[in-house]
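See structure below.
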Amino acid sequence: MADFRIKTAHIGRTRAAPRRPPVQGGYASALRRVPKAMRRHAAAFASFLKLAHDITGDANLEPEAKIAQLDALERALVSGGGVPSWLSPALELKASLAVTGGSSLHARQLLQAFRRDAEGHRARTWGDVLMACRLAANPVGHHILELYGESADALAATDALCTAIRLLRVVQECRDDWVRLGRCYFPLDWFDAVGASPEHLVEHRATPAVRIVLDRMLDRIDRQLDHARALPGALRDPGLRMETAVLLHAARLMAGRLRRRDPLAQGISLGPLARGWVMVRARLALARSMAGMAPAPPSGPPIDPGAEGDQDIPGPERHPQQ
């Protein structure tokens with residue numbers, strides 16, 4: 001739900017280098033489940049956020065230029081009027097919100113997160129990481145709930161899922177973020193505690209100290225996914241229920257892979273076999289949940305049918321004390 005990436009917008013600048021996809025699914029796939037009458041409104045939000053993402057992730061732009069473009073994007077969203085053609089996604093979203101009665105707050109919060117990235121903001125503590133997720137991930141889920149007309153009762157679980165997916169992407173892309181953009185999204189005090197620093201993310205293999213930091217983040221992700229587990233059952237729309245069930249299972253599977261493999265040494269993603277397995281598991285879990293037979297939260301990573309190169313399927317692992 002926090003992955004809103006769709007086709008890259010062309011705005012007359014050098015295109016940012018492509019990034020590895022996070023957990024499969026998200027906003028782009030949710031568009032296919034949106035009722036047809038609302039699909040163009042969902043697409044307008046996605047296009048706006050994709051443009052902001054491309055601006056912030058462009059390694060050829062200086063921070064001041066990124067912030068100036070993000071400011072221009074927000075002005076166009078708020079005031080409209082005569083703007084350059086590359087800002088058209090802002091006008092489209094403004095028009096969409098006028099029709100749906102939605103709030104621009106979600107998009108503006110995300111722009112605030114993009115500005116923090118452009119300025120090189122780093123998290124000192126876990127609380128700083130959660131604050132960043134409130135700006136950079138959770139508003140996407142809020143927008144989706146608003147678009148579908150879902151109850152605010154689902155907000156807490158939605159936030160947990162969006163936060164988990166955001167943090168999975170942090171682990172997946174940690175080396176690329178550091179090498180290409182000089183960004184580190186892990187709490188700096190976690191590195192201090194193990195005698196390491198973000199500079200170690202440049203290596204092609206995680207050191208034992210960096211591995212502790214990675215696993216500590218994965219522990220926190222598991223907790224977020226536990227909180228998000230009730231989300232499908234809290235939603236009225238059947239398509240959105242299915243999408244969130246798929247995301248939950250895909251996130252569990254990805255977290256397991258990131259524990260067993262080294263994201264600094266290799267790109268880690270879910271292949272066709274794993275995605276098919278996720279769909280089957282999600283459908284079964286959703287059916288059980290709707291019938292009041294939801295199983296207890298899993299204590300370890302799920303079976304991974306596409307774990308190429310894994311010697312066996314591990315059980316629950318021991319991790320450092322938090």
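A compact table of results
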read-out: For the range 95-163: accessible area per residue (Å², 1.4 Å); value: 40
read-out: Given charges at beta-carbon only (K, R positive; D, E negative), |dipole| of the range 20-121 in Debye; value: 680
read-out: Table column - 3J(HN,Hα) (Hz), the range 82-97, Karplus curve with 6.51, -1.76, 1.60, x for Gly and Pro; value: x, 9, x, 4, 5, 8, 4, x, 5, 5, 5, 5, 4, 5, 4, 5
read-out: For the range 103-117, 3J(HN,Hα) per residue [Karplus equation, 6.51 cos²θ - 1.76 cosθ + 1.60, θ = phi - 60°, Hz, x = Gly/Pro]; value: 9, 7, 4, 4, 5, 6, 5, 5, 4, 4, 5, 5, 5, 4, 4
read-out: Accessible-area order (highest first, 1.4 angstrom probe) of the listed residues Met279, Met131, Met217; value: Met131, Met279, Met217
read-out: In Hz, Karplus ³J(HN,Hα) per residue of the range 39-47 (6.51, -1.76, 1.60; θ = phi - 60°; x = Gly, Pro); value: 4, 5, 6, 5, 5, 5, 5, 5, 5
read-out: Heavy-atom accessible area ranking, 1.4 Å probe, most first, across Lys94, Lys50; value: Lys94, Lys50
read-out: Between the range 183-205 and the range 206-258, the Cα center-to-center distance that results, in Å; value: 22
read-out: Peptides ranked, highest mean first, by Cβ atoms within 10 Å: ranges 242-251, 81-90; value: 242-251, 81-90
read-out: Distance-filtered residues of the range 62-83 - backbone nitrogen under 19 Å, label point 7 angstrom along His121 Cα→Cβ; value: 62-75
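The values are calculated or read from the model by the stated rules, or taken from the named source; none is laboratory data. Quick caveat: nothing in here was measured; it's all calculated off a predicted structure. Neighbour counts are summed over all protein chains in view; Cβ atoms, including those assigned to glycine, are modelled from backbone coordinates with ideal geometry. Please note that ligands, DNA and RNA were not included when accessible areas were found on the heavy atoms of the full protein model with its side chains. Shrake-Rupley method; radii C 1.70, N 1.55, O 1.52, S 1.80 Å.
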